[in-house]
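> Sending over a structure as structure tokens; questions will come in a sec.
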Amino acid sequence: MTLDRRHFIAGVAGTAALAGCATTTSNSVGGLQPAPLPAFLGRPSQTLLPKGKAPRVVVCGGGWGGLTTAANLRKLAPQAEVVLIDRNPSFFSSPLSNMWLVDMVDGELLTQDYLRVSQHLGWQFVQAEVEGIDRAQRRVTTSQGTLDYDWLVLAPGIRYQYEAWFGDDRRAADATRQRFPSAYASNSEFLTIKRALHGFKGGELVMNLPPPPQRCPPSPYERACLIAWYFKTHKIKGHITILDHKPGIAPIGGGYKAAFDELYKDFITYVPNAHVQEVDPFNQRIRTAAGDQRFDHAILMAPHKAGDLAWLAGTVSATSDGWADVDVLTMQVKGDERAFVIGDAIQAVSPLPFRYYPKSAHIANRLGRIVAYQISEKLAGRAPEKRLPDNLCYMVVNGTPGQALNVQFDYDFDAEGRVRQVQRDYNERTAHLFQEDFRWADFMFAEMFGGAAPPVLPQAAYRV
Ligand SMILES: Cc1cc2nc3c(=O)[nH]c(=O)nc-3n(C[C@H](O)[C@H](O)[C@H](O)COP(=O)(O)OP(=O)(O)OC[C@H]3O[C@@H](n4cnc5c(N)ncnc54)[C@H](O)[C@@H]3O)c2cc1C
């Protein structure tokens with residue numbers, strides 16, 4: 001028997017209706033007969049955006065790396081269709097966020113509506129959870145449906161490796177994340193910390209730093225300084241203990257030590273070599289190689305590894321130590337010329353002692369540029385040249401007057417072709433570096449949002 005098109009469509013509709021019935025039956029608890037699902041209610045098996053003739057680049061993750069990639073692809077490869085997927089409706093900037101925690105800047109400066117930016121720059125935005133990536137089929141599965149791609153860029157950031165502390169004890173991991181989050185990988189956690197700080201009546205606040213490599217190594221010290229500044233200016237009898245896995249403050253160790261000693265002597269105690277051995281979120285205790293500590297509140301940072309998407313896409317190999325296994329010059333996933341990983345999620349880039357690029361917004365931006373360039377050159381049938389990033393971080397240590405430190409990194413190749421790093425610490429805290437921090441954010445946001453965002457500087461200058 002053959003089916004003509006009309007019967008076929010009727011048949012498919014009938015099958016769908018039957019599938020709906022099956023769902024209805026399995027969900028009919030207590031006599032309730034659920035209605036059939038509306039057509040637009042996300043079903044991961046549906047095609048979300050049918051692919052046209054233009055080459056399509058799907059960017060998963062709309063943080064610093066993903067936004068930079070999308071913006072640069074529109075400039076360098078205007079013939080390509082660019083789709084960016086993020087689980088959130090808006091971008092929230094971690095850089096500058098420590099100032100937001102203590103009310104030095106408005107949240108508006110840190111937040112950007114993805115849809116507005118996408119319309120401004122001409123890429124497409126899909127707000128959805130990426131649930132699976134099939135690199136053999138070149139298909140991304142999201143909570144809203146599937147998308148096929150020609151080129152894939154993953155910019156998933158980091159995940160917290162709570163397993164290192166709690167094994168498979170999810171209850172302890174959940175209690176830690178909910179009550180004492182670090183706000184290093186999830187936007188909502190920033191709000192949890194801000195509320196806790198504003199409700200803090202005094203006592204012991206513990207912060208730990210995980211083993212390297214971690215996201216933005218100097219920023220926990222910045223956070224400690226600004227919270228101490230907040231305690232000092234609001235006359236809160238709080239004390240901060242920094243439990244650092246490392247043997248000393250780094251980077252910008254001299255500048256931070258001077259800030260701890262000269263500005264926050266009664267507020268901050270720094271403890272080196274404090275390797276975490278046990279965390280008890282229920283009884284509010286932490287045991288480290290440098291001793292036990294009870295706390296009234298804590299900012300607890302489990303070790304960092306590549307974001308979940310890097311694992312779901314099968315880019316973390318047995319030898320890449322929990323990070324995405326990429327070619328360190330092209331960011332291409334090894335063995336897959338159509339997939340790239342950028343930003344914090346990537347593995348060590350050099351056998352030299354520094355090993356990893358700093359896991360920073362600046363580096364994510366630079367790697368986003370490099371990958372947009374790689375894809376555009378390949379689309380044009382040219383062989384891309386080798387490019388290396390640079391890095392720059394401003395760290396605020398005082399609110400009144402506003403003062404900051406700075407660290408810069410440059411990269412080149414040594415005689416053996418290995419990536420080499422030159423680091424420069426600017427340990428003198430100055431008002432100039434404080435202003436430069438906002439100027440840096442302005443440049444970055446201009447590139448990522450293409451003028452859809454108002455400049456940071458005048459507004460920030462108003463607040464501080
Ligand atoms: C407090 C703090 C201060 C910092 N200060 C600085 C600074 O001053 N300078 C600096 O250079 N760096 C700073 N950083 C570091 C910087 O924020 C990160 O290095 C940067 O965000 C890395 O960019 P990324 O694109 O790799 O990841 P992210 O920016 O984290 O982007 C990842 C994106 O992927 C999305 N995502 C993940 N999984 C999924 C999924 N399954 N489905 C859909 N979407 C998903 C997330 O929602 C997120 O938007 C700071 C970080 C913190 C926490």
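Nothing in this text is a laboratory measurement; each read-out follows from the coordinates by a stated rule. Source: prediction; values computed, not measured. Methodologically, a virtual Cβ is constructed for each residue, glycine included, from the backbone with ideal geometry; neighbour enumeration extends over all protein chains shown.
> Once amide H atoms are placed 1.01 Å from N in the peptide plane, what residues at a sequence separation of 5 or more from residue 238, or on another chain, have their amide H within under 5 Å of its amide H?
Here the answer is 203, since their amide H atoms fall under 5 Å of that of residue 238.
> Would you be so kind as to identify which of 218, 238, 118 lies farthest towards the positive end of the dipole of the chain, taking Lys and Arg as +1 and Asp and Glu as -1 on Cβ and the Cα centre as origin?
Looking along the dipole axis, the top candidate is 118.
> Moving on to the next point. Only four residue types carry charge here, +1 at the Cβ of Lys and Arg and -1 at the Cβ of Asp and Glu. Report the dipole size of region 359-464 about the Cα centre in Debye, rounded to the nearest 20. Please list the in-between numbers first.
Working: 13 positive and 13 negative charges, 59 e Å.
Using only the charged Cβ atoms, the result is roughly 280 debye.
> Report the calculated FRET efficiency for residue 116 and residue 400 (r = Cβ-Cβ distance, R0 = 45 Å), to the nearest 0.05. Numbers along the way, then the final one.
Numbers: r = 34 Å, r/R0 = 0.76.
Once rounded, the FRET efficiency stands at 0.85.
> Still on this structure, I have one more. Provide the gained length on full extension for the span residue 292 to residue 191, in nm with one decimal, where the gain is 0.36 nm per separating residue minus the Cα-Cα distance.
Working: separation 101, 0.36 × 101 = 36.36 nm, distance 2.80 nm.
Using 0.36 nm per residue and subtracting the Cα-Cα distance, I get 33.6 nm.
> With unit charges on the beta carbons (Lys and Arg positive, Asp and Glu negative) and the dipole taken about the Cα centre of the chain, which residue among 64, 255, 48 sits farthest to the positive side?
So the residue we want is 48.
> By per-residue mean of other Cβ atoms within 10 Å, what is the highest-first order of 267-277, 156-166? Before the final figure, lay out the partial values.
Numbers: 267-277: 17.5, 156-166: 20.4.
Sorting 267-277, 156-166 by mean packing, highest first, produces 156-166, 267-277.
> Multiplying the sequence separation of residue 280 and residue 386 by 0.36 nm and subtracting their Cα-Cα distance, what value in nm do you get?
Details: separation 106, 0.36 × 106 = 38.16 nm, distance 4.75 nm.
Once the chain is fully extended between residue 280 and residue 386, it gains 33.4 nm.
> Mind checking the dipole of the chain: about its Cα centre, +1 per Lys or Arg Cβ, -1 per Asp or Glu Cβ, Debye to the nearest 20? Can you show the working numbers first?
Numbers: 49 positive and 47 negative charges, 134 e Å.
Computed charge dipole of the chain: roughly 640 debye.
> May I have the extent of the alpha carbons of the chain along their three principal axes, as whole Å values ordered from largest to smallest?
Computed over the Cα atoms, the extents are 87, 63, 46 Å.
> How far apart, in nanometres, would the label points at residue 136 and residue 327 be if each is projected 7 angstrom from Cα along the Cα-to-Cβ direction?
Going by the 7 Å Cα→Cβ label model, 2.3 nm.
> Full extension from residue 88 to residue 262: what is 0.36 nm times the residue separation minus their Cα-Cα distance, to one decimal in nm? Write down the numbers at each step before the final one.
Working: separation 174, 0.36 × 174 = 62.64 nm, distance 4.06 nm.
Residue separation times 0.36 nm, minus the Cα-Cα distance, leaves 58.6 nm.
> For residue 133, enumerate residues with amide H under 5 Å from its amide H, sequence gap 5+ or separate chain, H modeled in the peptide plane.
Distant-sequence amide H within range of residue 133: 141.
> In whole Hz, with x marking every Gly and Pro, tabulate ³J(HN,Hα) for region 83-89 from phi via Karplus 6.51 cos²θ - 1.76 cosθ + 1.60, θ = phi - 60°.
10, 10, 10, 9, 6, 9, x
> Compare the Cα positions of 402, 415, 380 along the charge dipole of region 380-421 (+1 at Cβ of Lys, Arg; -1 at Cβ of Asp, Glu; about the Cα centre) and return the one farthest towards the positive end.
Going by the charge dipole, the pick is 380.
> Which percentage, to the nearest 5, of the DSSP beta bridges contained in the chain is antiparallel? Working shown, then result.
Details: 41 of 74 bridges.
Roughly 55 percent of the DSSP beta bridges within the chain come out antiparallel.
> Compute, for region 92-196, the length of the dipole vector about the Cα centre, with Cβ point charges of +1 (Lys, Arg) and -1 (Asp, Glu) only. Units Debye, rounded to 20.
Values: 11 positive and 14 negative charges, 29 e Å.
The dipole magnitude comes to about 140 debye.
> At a Förster distance of 41 Å, what's the computed FRET efficiency of residue 436 paired with residue 33, Cβ-Cβ distance as r, to 0.05? If you can, show how the numbers build up before the last one.
Details: r = 63 Å, r/R0 = 1.54.
Using R0 = 41 Å, I get an efficiency of 0.05.
> Kindly provide the Kirkwood hydrodynamic radius of region 164-304 in Å, to one decimal, from all pairs of distinct alpha carbon atoms.
Values: mean 1/r = 0.0657 Å⁻¹.
After inverting the mean inverse Cα-Cα distance, the result is 15.2 Å.
> Something else now. Could you sort the peptides 167-173, 116-122 by per-residue average Cβ neighbour count (10 Å cutoff), highest mean leading? Walk me through the intermediate numbers first.
Details: 167-173: 12.3, 116-122: 17.7.
Put in order of decreasing packing, that is 116-122, 167-173.
> Also: Quick one: if the Förster radius is 60 Å, what FRET efficiency do residue 234 and residue 420 give, using the C-beta to C-beta distance and rounding to 0.05? Please report the intermediate quantities before stating the final value.
Working: r = 45 Å, r/R0 = 0.76.
So, using R0 = 60 Å, E works out to roughly 0.85.
> Which of the peptides 58-64, 109-115, 377-383 is most tightly packed, and how do the rest follow, judged by the mean count of other Cβ atoms within 10 Å per residue?
The packing order, highest mean first, is 58-64, 109-115, 377-383.
> OK, next. So for the pair residue 54, residue 198, with labels modelled 7 Å out along Cα→Cβ, what separation do we get in nm?
4.2 nm
> In addition: Tell me the mean residue ellipticity at 222 nm calculated for the chain from its helices only (DSSP H runs of n ≥ 4, each -39500 (n - 2.57), averaged over every residue, nearest 500). Don't skip to the answer; put the middle values down first.
Working: 13 runs with 152 residues, N = 464.
So the helix-based figure for the chain works out to -10000 deg cm²/dmol.
> A follow-up question, please. Among the listed pairs 53/386; 194/235; 235/265; 201/246; 257/305; 305/378, which are separated by more than 26 Å between their Cα atoms? Please list the in-between numbers first.
Details: 53/386 29 Å; 194/235 17 Å; 235/265 15 Å; 201/246 30 Å; 257/305 28 Å; 305/378 30 Å.
From the list (53/386; 194/235; 235/265; 201/246; 257/305; 305/378), the Cα-Cα distance tops 26 Å for 53/386; 201/246; 257/305; 305/378.
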